[in-house]
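For reference, the structure is listed below as structure tokens.
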Amino acid sequence: MHPVPLAATTRGYPDTGYVLENVHAGSVAVVDLHGRLLWQAGDPHYPTFTRSALKPFQALPFILSDGPARFGLARDELALLCASHSGEERHLAGVRSILGKIGLDDSHLECGCATPLYYEAVGEPAPQDRSWTPLHHNCSGKHSGFLAWCRLHGAPTRGYVERAHPLQQAIRDTLADTVGLPAAQMAVGIDGCSAPNYAMPLSRLAHLYARLAQGAADPQLGGAMGILCDAMTGRPDMVSGAERTDLFWMTAGGGDWVAKIGADAVQAIGVRSAGIGIAIKIQDGASRALHPATFSVLEQLGLLDDTRRALLERFRQPSIKNARGAVAGDVRSLFTLQSAN
């Protein structure tokens, strides 16, 4: 099996119509709570670097060690451990709070510096007179959780992103056990925030999210999954940010959907009531194709009532505008899910 066209961009004029210009291939996997494939498009087992969709599961060793109770982390702070946050003040304050509770500060973060995602999300230029620190990086919440694990276990805080560090070994081993794959079968690469990231079949990522959405009902990691799911669905604004897709997906889900995007066009969603997990990968990494594809999957699975459809309409077939604001085309989905039965 191979990736198939999932979305395309068009170009033209309203009075003459729009013509396909670019086609983005990809794959979709929809699985049940046992990991059985239900629906697919393209290659449902496409080897996929999980990127930031992995964040809740990178937090597992800390959760399993009773770290939140040890340091007194609140739900909004736990959501930040799973976040690709926008660098809004509430996010920065939350990361500072976590670091303060573990006796460290942002100088210990090894995620690097990055412009806050807020500006791109709301369509504003980033200030030119600002300098950014690791605190502003969208992964600083995850990294504060990494540091919390180090403090909890008396491990070195320097070099915690290195593959040989005890933290990263614990993450690798816990992930392999959770996903049911030998660690050697999960390709490893360096993520944008310098931490190790793992690849797995797209269907395995979907299964992780099917389980995450069940929270405390997960038979293997119930309590830990419950903590993570409740934090993410309870504070989607901390996981994501203003005008960001994960905030929209989880708000539309009303506590029933847990969602996390990953860089280079990865999206995972778990739906508690349906007992399913969804994972989507756009092969060329184009996020502009990811959002219409995600809307289409939710619609084809019958998960969008009128209220949800209205809230998420902006992602169905978003317009492409030029520098003057004129509509030059749109992005539209192309695929139909195929039953795996």
Could you give me the ³J(HN,Hα) list for region 289-300, computed from phi with Karplus coefficients 6.51, -1.76, 1.60 and θ = phi - 60°, whole Hz, x at Gly and Pro?
-> 7, 5, 6, x, 5, 5, 4, 4, 4, 4, 5, 5
Region 186-341 - Kirkwood radius from inverse mean 1/r over Cα pairs (Å) | 16.5
Debye sum, Cα scatterers, region 150-276, no solvent: what log₁₀ I/I(0) at q = 0.10 1/Å?
-> -0.35
List every residue whose amide H lies under 5 Å from the amide H of residue 328, counting only residues 5 or more places away in sequence or on a different chain, with H placed 1.01 Å from N in the peptide plane.
-> 320, 321, 322
Among 193-206, 290-303, how do they line up from the highest to the lowest mean number of other beta-carbon atoms within 10 Å?
-> 193-206, 290-303
In region 107-162, which trypsin sites (Lys or Arg not before Pro) fall in coil by DSSP and have 16 or fewer other Cβ atoms within 10 Å?
-> 130, 158
Please determine, in degrees from 0 to 90 and to the nearest 10, the orientation of helix 166-179 with respect to the longest principal axis defined by the Cα atoms of the chain, where the helix direction is its Cα long axis.
-> 50
Output ³J(HN,Hα) for region 257-269: one whole-Hz value per residue in order, computed from phi by the Karplus curve 6.51 cos²θ - 1.76 cosθ + 1.60 with θ = phi - 60°, and x for Gly and Pro.
-> 10, 10, 9, 8, 8, x, 4, 6, 6, 10, 9, 10, 9
Approximate spin-label separation residue 113-residue 2, in nm, with each point projected 7 Å along Cα-to-Cβ = 4.5
For region 4-339, what is the convex hull (Cα atoms) projected area averaged across all directions, in square nanometres?
-> 16.7
Evaluate E = 1/(1 + (r/R0)^6) for residue 124 and residue 89, where r is the Cβ-Cβ distance and R0 equals 25 Å; express this FRET efficiency to the nearest 0.05.
-> 0.95
Partnerless cysteines (no other Cys beta carbon under 4.7 Å) identified across the chain are 82, 113, 150, 229
The extension gain from residue 19 to residue 319, computed as 0.36 nm times the residue separation minus the Cα-Cα distance, is 106.7 nm
Along region 310-324, what does the Karplus equation 6.51 cos²θ - 1.76 cosθ + 1.60 (θ = phi - 60°) give for ³J(HN,Hα), rounded to whole Hz, x for Gly and Pro?
-> 5, 5, 9, 3, 4, 9, 5, 8, x, 6, 9, 10, 8, 5, 8
Starting with the fewest neighbours, write out 336, 157 ranked by other beta-carbon atoms found within 10 Å of each beta-carbon.
-> 336, 157
Comparing 321, 101, 281, which has the greatest mean-square fluctuation in the GNM of the chain with Cα pairs linked when under 10 Å apart?
-> 321
Got a sec? How would 122, 266 order by Cβ neighbour count within 10 Å, fewest to most?
-> 122, 266
Of 119, 13, 46, how do they rank once you tally other Cβ atoms within 10 Å and put the fewest first?
-> 13, 119, 46
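None of the figures in this text is laboratory data; all of them are computed from the coordinates on show. Nothing here was measured: the structure is a model prediction, and the numbers come from that model. Here the Cβ is made from the backbone with ideal geometry for all residues, glycine too, and neighbour counts use every protein chain on show.
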